[in-house]
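Here the structure is laid out as structure tokens; the discussion comes afterwards.
Laboratory data are not the source of any read-out in this text; all were calculated from the coordinates shown. Not measured: the values here are computed from a predicted model. Cβ placement follows ideal geometry from the backbone for every residue including glycine, while neighbour counts extend to all protein chains displayed.
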Amino acid sequence: MNWRYIILAITICAAQITNAQEKIAPKDFGLTNNVKQVDEVEYEYDAKDKVYKIKQQKNYVFDKGKLVSSSYKSTGIIYMEGETTFTYNSNGQLISSREKNNLGDETYNYTYNNGKLILKKNIKTAYPIETVFEYNDKGYLSKAIKKTGNDLSNVKVYSNYTNAQSYTLLETVYWNNKVSYTTTMQYIYGLKTSATTVYASSTSLPKESTFKYNDKGHLVEEISGSGTYTNVYKYDDRGNAFRTMYGGSKNSLYNIENRFLFSKITYNDGLALGIAAFNEQFVQEFDKKSASYAYEKDFNTTKKIDLNFLNDLEDEEDYFLILKTAENKFKVKTAFGTYITNTVNALKAPNGLDLVIYDSVTKKTVVRYNFYAANTETEKWLEADELPTTASGLYFLLKNNGKNFYIISKANYLKSTTYKTLLIPNSASDYSVTIDNHIDKYVIKDVSHKKDDIFYPFEILK
């Protein structure tokens with residue numbers, strides 16, 4: 001599959017709506033119809049840096065009950081920012097959408113027959129993407145088939161309608177023109193109440209989830225085999241959510257932290273309620289044991305596009321999860337559930353909190369920060385951070401405000417007899433560390449700018 005298609009797939013957010021039309025009305029976003037503009041900022045806690053980081057910012061602008069533009073900034077695998085504009089015909093039907101982002105410029109056209117959307121297609125012939133929509137005898141959507149080039153990307157089959165908003169949806173997702181997974185969903189009056197996902201390449205049991213909503217139609221609880229996730233909303237005087245906590249779970253199998261969304265909502269009459277900014281008091285209601293309530297004031301745009309991340313999409317077995325047992329021991333497995341049965345080197349970091357593991361098969365070093373902390377839950381799979389792989393295989397760790405340092409190799413402290421270590425002053429308050437194994441030399445520069453209890457890779461000294 002062309003990498004271009006993969007990038008495009010990553011940038012597209014799937015909308016959970018009940019018909020072929022895009023999300024264009026305020027109600028499609030869980031808003032009242034008198035909303036003119038929404039500004040949002042989402043925060044998530046970074047345990048490594050001990051700071052709440054901005055994950056994404058969004059802006060929606062409505063005119064006469066239709067979405068006319070949306071923009072976003074987000075950071076994940078790569079940093080993304082972009083804006084989409086929407087054009088309508090005299091009947092109020094969406095006829096085109098154009099997204100410009102830091103990957104390029106993409107325009108989709110929408111074709112209708114007897115008032116129903118039958119085709120969504122981009123205008124680029126080099127990378128054609130189209131979705132064809134079919135309807136049953138009652139006029140209800142029955143199938144949506146999405147293709148990227150000549151390859152199937154996604155097929156949705158709608159059945160068992162009891163009314164226009166209540167039905168069964170079977171979604172099949174393809175990868176390299178082969179089935180990746182299928183999900184069967186039940187909708188009642190436009191709200192998804194259950195979902196069962198079966199992965200084609202996994203022997204694990206199907207993932208089953210159920211969903212509960214409040215009287216405003218907002219999701220408040222998701223229960224699945226991996227845990228229970230609870231969302232909490234704070235509403236303004238006109239009934240729109242301006243603060244939201246998207247919660248993790250105490251019995252989650254994955255390391256999912258609480259996420260916090262703060263919104264400023266502007267109404268058609270000019271009134272603005274809420275602030276799109278971090279609110280510490282709201283966060284403290286849910287993250288009572290956070291090591292810090294510091295937060296980013298500006299969006300981090302330093303995560304540039306690195307196409308090397310695409311290799312990870314085909315090799316997810318290198319993604320490690322670590323479980324802390326009740327006996328304060330650990331287990332290791334990959335993201336796909338394969339347990340690491342070979343011997344691994346393990347090291348408890350000098351701060352007594354972090355766990356470092358080296359796997360001799362993949363030759364990767366990973367660290368789970370705060371693994372041994374008292375508030376780290378047991379019997380819960382936590383994602384480990386992979387340390388950058390370098391030619392040296394050596395990592396540098398500071399302690400006591402830079403007064404002490406350690407050198408680690410393959411999750412072991414480096415013996416001083418193996419390497420010659422040399423401290424090089426940069427200034428009265430700064431120095432670099434060079435080590436020599438009689439073959440190559442490696443260096444850690446500008447030690448005063450390094451943080452305690454963070455692992456840094458040595459660079460080869462050319």
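Would you order F260, F278, F286 from fewest to most other beta-carbon atoms within 10 Å of each residue's own beta-carbon?
Working: F260 25, F278 18, F286 15.
Going from sparsest to densest Cβ surroundings: F286, F278, F260.
Rounded, prolate or oblate: which fits the range 130-203 when a ≥ b ≥ c are the square roots of the eigenvalues of the alpha-carbon gyration tensor, with rounded for a/c under 1.5 and prolate only if a/b beats b/c? Write down the numbers at each step before the final one.
Working: a/c = 3.18, a/b = 1.34, b/c = 2.38.
Oblate, since a/c reaches 1.5 and b/c is not below a/b.
Pull up all non-local amide H partners of L271: gap of 5 or more, or a different chain, and H-to-H distance under 5 Å with H placed in the peptide plane.
Result for L271 returns nothing.
Neighbour counts of other C-beta atoms within 10 Å: give me E208, E171 arranged from fewest to most. Could the numbers behind the result be given before it?
Details: E208 14, E171 18.
Ordered by Cβ neighbours within 10 Å, fewest first: E208, E171.
For each of Y372, Y72, Y60, count neighbouring Cβ atoms within 10 Å of the residue's Cβ, then give the residues from fewest to most. Intermediate values should be presented prior to the final figure.
Details: Y372 16, Y72 19, Y60 22.
Sorted ascending by nearby Cβ count, the order is Y372, Y72, Y60.
I need the Debye-formula profile for the range 3-284: one equal scatterer per C-alpha, no solvent, reported as log10 I(q)/I(0) at q = 0.09 1/Å, two decimals.
The computed values of log10 I(q)/I(0) come out as -0.48.
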